[in-house]
Every structure is written in C-alpha cells, then in structure tokens.
Amino acid sequence: MLRTLAAVVLVCLTSVAIALAAPGGSSAEAARATRAAEPFPLIPLKGRTQRGTFSGRLAVARVFARGDQVIASGSVTGRLRDRRYPSVQPVTIRRFSVVLGVTATPGAGDCASLTMTFPARRTRLVGLRAELPAAGFVVGPQRNGPRAARDLLCATSQILTAQPPAPGVAPSPVVIHLLNALRLVHA
C-alpha cells in the first residue's frame, strides 16, 4: 500500500512538472485567454419539470471513482419556476451526485482546458419529478484565478491525452486526485 501511494504521488508530481515545463503554460497566455469557462467546483444544471424549469448549480464537494465511472458529488442550489407554485421556489439538495465524463478539450490551443459532460438524470425537486438533460461544459482557468488551477488543468489534460480513458476500465487514480486538487484550489 505504501508503494502504491508513493507511486501515485510520484506520478502526480511528475505530471505537474511536465505541465510547468510544457509550452503554452505562461501567465501571459492566461491573461490573453478570453473564453468564458466554468469554474470547476460549480457544475451548471438546467432541467424541466412537467410545468416549469429549474436552473441551479452543483457545488462539488468530492470527486471519486465508482467502478469504471468518475462521480462528482456535492450539494445543489437553484431556483424552480413551476406553474403549480405561486412563486419561484428555492431548491437545496444536500446530497447529489452525477456521473462525470472528463476529456481533454479537442482542438484547444491551450493545454489548460477540459471538457466535462454528464448524462441525463431524473430527480425530485421540491417534490416534483424533474429531468436534467445531458450536458457538457468546458473548464478553463479563470481570469484572476490561482496559477495552480492552470497547472492542474494542464496536467490533467496531458494525462488524458496520453492515456485516454478506455470504456469499461476504471479511471486513473491520478486523474481523480488532480480533479480533487483542482476543486480544493478554488475552495
């Protein structure tokens, strides 16, 4: 177990070192990046009920692997507009999780970019059945965000490019650790 932990730490440190040495990692490029990207610990969610809509965010508290899937879990906050209620309803779900697909953004000119997706999901919001459609979003460094976030994004992207996740195979523990580190950098 100690050897496994040491190997994982060594791979993480090597990945970060590669990301720091990789071209395109300068802070000048980060300043030039103008695309809007989602801050990773917050996953945007939109959905529909039979007579209304939901808009909110999943604040990721933990990323882990279950079998061959990456799971992001945390709490959801948002607003539900439905004709069955006289006003907008605040929604808070303390325990919520989604299966997360993580890949390096294809064709991105910058290594600090990940594409995250999640499949459609049914859930209950304020007692009403709701359908959250499948969605995807791009995660990139924020304008005045921490430099470590950019480095973690580059390291994760490079690992996913070098070893794309195979269907039916458990995700790399290094990728899970890097996603949790990225979450903690923004905390």
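Full extension of the segment from Leu184 to Arg95, taken as 0.36 nm per residue of separation minus the current Cα-Cα distance, would add 30.2 nm. A dipole drawn for the stretch 34-185 from +1 and -1 charges on Cβ atoms has a positive end, and of Thr92, Ser157, Gly168 the residue lying farthest that way is Thr92. Cβ-Cβ distance of Arg129 and Arg62, R₀ of 41 Å, FRET efficiency by 1/(1 + (r/R0)^6): the value works out to about 0.95. Note on the stretch 46-187: Cα-Cα pairs beyond 24 Å make up 38% of the total pair count.
Cβ crowding within 10 Å, taken as a proxy for footprinting-reagent exposure, orders Val63, Val99, Val126, Val91 from fewest neighbours to most as Val99, Val126, Val91, Val63. Remark: the Ser55-Arg122 segment gains 22.7 nm on full extension, using 0.36 nm per residue and subtracting the alpha carbon distance. Near Pro133, within a Cβ-to-Cβ distance under 11 Å, what is the net charge of the other residues, with Lys and Arg +1 and Asp and Glu -1? After counting each charged neighbour, the total is +3. Under a 5 Å amide H cut-off, with hydrogens placed 1.01 Å from N, Leu42 pairs with Val60 among residues at least 5 apart or on other chains.
Net charge dipole, the stretch 42-137: roughly 660 debye, given to the nearest 20, about the Cα centre with Cβ charges of +1 for Lys and Arg and -1 for Asp and Glu. For Ser73 and Arg147, a Förster radius of 35 Å and the Cβ-Cβ distance give a FRET efficiency of 0.80, rounded to the nearest 0.05.
Going by neighbour counts of Cβ atoms within 10 Å, the residues Thr156, Thr92 line up, fewest first, as Thr92, Thr156.
Where a number appears in this text, it was derived from the coordinates with a stated rule and is not lab data. Being a predicted model, the structure only gives us computed values, none of them experimental. When we count neighbours, we look across all protein chains shown, and the Cβ atoms used for this are built from the backbone with ideal geometry, even at glycine.
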